[in-house]
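As structure tokens, the structure follows; a few thoughts come after it.
The values are calculated or read from the model by the stated rules, or taken from the named source; none is laboratory data. Since the model is a prediction, treat every value here as computed from it, not as a measurement. All Cβ positions, even for glycine, are placed from backbone atoms using ideal geometry, and neighbour counts span all protein chains on display. Heavy atoms of the whole protein, side chains included, go into the accessibility calculation; ligands, DNA and RNA do not. Shrake-Rupley method; radii C 1.70, N 1.55, O 1.52, S 1.80 Å.
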Protein chains: 2
Amino acid sequence: MTRAAGQGEFLVPGRKARIDEVVASRTRTLTVVMEAFCDPQNVNAVLRTCEAFGVQEIHVVEGPMKPYDRNKKISQNADKWLDVRRWKTTAECLGHLEAEGFQIYATHLGEGSRPLADLSFAGKVALVFGNENRGVSDEALARADARYAIPMLGFVQSLNVSVAAAVSLARAVERRVAERGRHGDLAPEDARALRERFYVLAVKQRARVAKAEAVSARRRR
Amino acid sequence: MTRAAGQGEFLVPGRKARIDEVVASRTRTLTVVMEAFCDPQNVNAVLRTCEAFGVQEIHVVEGPMKPYDRNKKISQNADKWLDVRRWKTTAECLGHLEAEGFQIYATHLGEGSRPLADLSFAGKVALVFGNENRGVSDEALARADARYAIPMLGFVQSLNVSVAAAVSLARAVERRVAERGRHGDLAPEDARALRERFYVLAVKQRARVAKAEAVSARRRR
């Protein structure tokens, strides 16, 4: 019996099946870069949306110009099921993604931006979202394979960054299914390792819940 | 010279053109119902998104079971350019929308929900978003022409309501262009009245800015 099956044994069948289903929808060929966000609530909101849309790996760039690092507050709850990679600079992060064959699509409200609906998601794509006040850095814009924007029809000039990320990811998932045939696409060995990791996390979670219930039952006596 | 042109005269040409452009993208045949939201931040976020996507009229249901009314805190800033209608009950609100010929699409994560991508936006549509904890009410579900959900692929069971509204509206705008030929569709008389109202608001805004600048210049002396 494999180790994975061993951990899975401690879970009720429904929970195990749910984990298997989630892993089948996970991808590392679509990713998100959050560049120098200043509001940890936005980081958390984007992580939650990434998790909901099956994006397993997310990149957080701290940025050299950032006066203080509030990203340390990233919720353990949201990133527990994700791989959050942290970078000191945009150059390092985008250099890594380029070397891995990602196309870089940067959100940008200025000139030369294409509407979100025009983007292709046939290849590996990294969506870059910028600082809430300054937007995406000049460096990221210069390195981007495409600049895009969600068409805005009103007086409001921009959407909240977590809203922009959600609209972009919803579109990306849909386009990936149309252009690649499917969204979830982990290699078999990667999927096996991730299932095992999630089984372990779920068993621990169950143990914590059981312990809390026992404590609460003892107090009621 | 019409009264509209009269007010427009007090605006710089760029500002007037911008208002005319925004009004051309406005609609009342797509609307949003926020049912008994408890967090005013969510109300504001949805209003901001509606404004950005050209939805002119929004419905806020207070709900009979709501313990207290925090919706009074709706930001004047966001709803200044919108028509926010408030209702005491879901029955009144949906009754009005049905009488006006709207199809009611309620967000619902349970059984019988269709994926967002399957919905038609060829007719008049009201999207109903429910309370952050309880979701859409049984009454709204019973009256809905369709229940829908944004497909979730991870462990996260639901998106933040403002994120769900943004993903839904982005899709709705796109489908409306495909199915109806255009999104903005105010009747000529309605568009004229709205332009006039926005010219007045913009002139007042300009006057406030000028006054604030004068005060600040006096202080510097």
Average beta carbon contacts from partner chains per residue of A:169-175, 10 Å cutoff
4
Phi-derived 3J(HN,Hα) across region A:116-129 with the Karplus relation (6.51, -1.76, 1.60, θ = phi - 60°), rounded Hz, x for Gly and Pro, is 3, 5, 8, 6, 9, 10, 5, x, 6, 10, 10, 9, 9, 10
Kindly give the distances from A:D83 to its copy-mates, label point to label point, with each label point 7 Å from Cα along Cα→Cβ, as nm values to one decimal ordered shortest first.
5.2
Equivalent ellipsoid, the protein assembly as shown (semi-axes from 5 times Cα gyration tensor eigenvalues, Å):
40, 29, 22
How long is the gain from B:A117 to B:E139 if the chain were fully straight, where each residue apart is worth 0.36 nm and the alpha carbon distance is subtracted?
5.5 nm
Taking the Cα atoms only, what angle lies between the long axis of helix A:90-99 and the longest principal axis of chain A, rounded to 10 degrees?
80
Antiparallel DSSP beta bridges within the protein assembly as shown, as percent of all bridges there, nearest 5:
5
What distance in nm lies between label points placed 7 Å from Cα along the C-beta direction at B:F155 and B:R86?
4.1
Heavy-atom accessible surface, probe 1.4 Å, ligands and DNA/RNA ignored: which residues of region A:23-61 lose at least 50 Å² versus the isolated chain?
A:R48, A:E51, A:A52, A:F53
Between B:V209 and B:E189, what is the FRET efficiency for a Förster distance of 35 Å, r being their Cβ-Cβ separation, to the nearest 0.05?
0.70
When each copy gets a label point 7 Å from Cα toward the beta-carbon at A:D145, what are the spacings between them in nm, shortest first?
4.1
For n ≥ 4 DSSP H runs only, could you compute -39500 (n - 2.57) per run for chain A, divide by its residues and tell me the 222 nm figure to the nearest 500?
-15000 deg cm²/dmol
Starting at the first residue of region B:135-150, write each ³J(HN,Hα) from the Karplus equation 6.51 cos²θ - 1.76 cosθ + 1.60 with θ = phi - 60°, in whole Hz, x for Gly and Pro.
x, 5, 5, 4, 4, 5, 4, 5, 7, 5, 6, 8, 10, 9, 9, 7
What is the Cα radius of gyration of region A:103-211 over 2.2 N^0.38 Å, N being its residue count?
1.39
Amide proton proximity set for A:L11, modelled H, under 5 Å, gap of 5+:
none
Probe radius 1.4 Å, ligands and nucleic acids left out: can you give me the accessible area buried at the B-A interface, summed over both chains, in Å² to the nearest hundred?
2700
How high is the FRET efficiency between B:E98 and B:R221 when r is their beta carbon distance and R₀ equals 60 Å, given to the nearest 0.05?
0.45
Could you please report the charge total around B:K16, scoring K, R as +1 and D, E as -1 over all other residues with beta-carbon less than 12 angstrom from its beta-carbon?
0
If I fit a long axis through the Cα atoms of helix A:161-180 and take the longest principal axis of the Cα atoms of chain A, what angle between them do I get, 0 to 90°, rounded to 10?
80
Mind checking the mean number of beta-carbon atoms from other chains within 10 Å of the Cβ atoms in A:144-157?
5
Quick one: work out Rg over Rh on the C-alpha atoms of chain A, Rh as Kirkwood radius.
1.03
Helix A:13-24 sits at what angle to the longest principal axis of chain A, using alpha carbons and giving 0 to 90 degrees rounded to 10?
20
Listed residues A:Q56, A:Q103, A:Q41, most fluctuating in chain A (Gaussian network, C-alpha, under 10 Å)
A:Q41
Between B:P188 and the same site in the other copies, what are the distances in nm, shortest first, taking label points 7 Å from Cα along the C-beta direction?
6.8
If the elastic network links every pair of Cα atoms under 10 Å, which of B:V203, B:V43, B:V12 fluctuates the most in the Gaussian network model of chain B?
B:V12
Bin width 5 Å, origin at 0, all Cα-Cα pairs of region A:155-210: what percent of pairs per bin?
4, 15, 11, 11, 13, 16, 15, 7, 4, 2, 0
Ignoring any ligand, DNA or RNA, what whole percent of the accessible area of the protein assembly as shown comes from carbon and sulfur when the probe is 1.4 angstrom?
52
If we count GluC sites (Glu not before Pro) as exposed when they sit in a DSSP loop and have at most 15 other beta carbons within 10 Å, what is the longest stretch of chain B that avoids them all?
B:10-99
Along the dipole axis of the protein assembly as shown (charges at Cβ: +1 for Lys and Arg, -1 for Asp and Glu; origin at the Cα centre), the most positive-end residue among A:V61, A:A170, A:G123 is A:V61
Connecting every pair of Cα atoms under 10 Å apart in chain B and solving the GNM, the largest mean-square fluctuation among B:R206, B:R147, B:R114 falls on B:R206
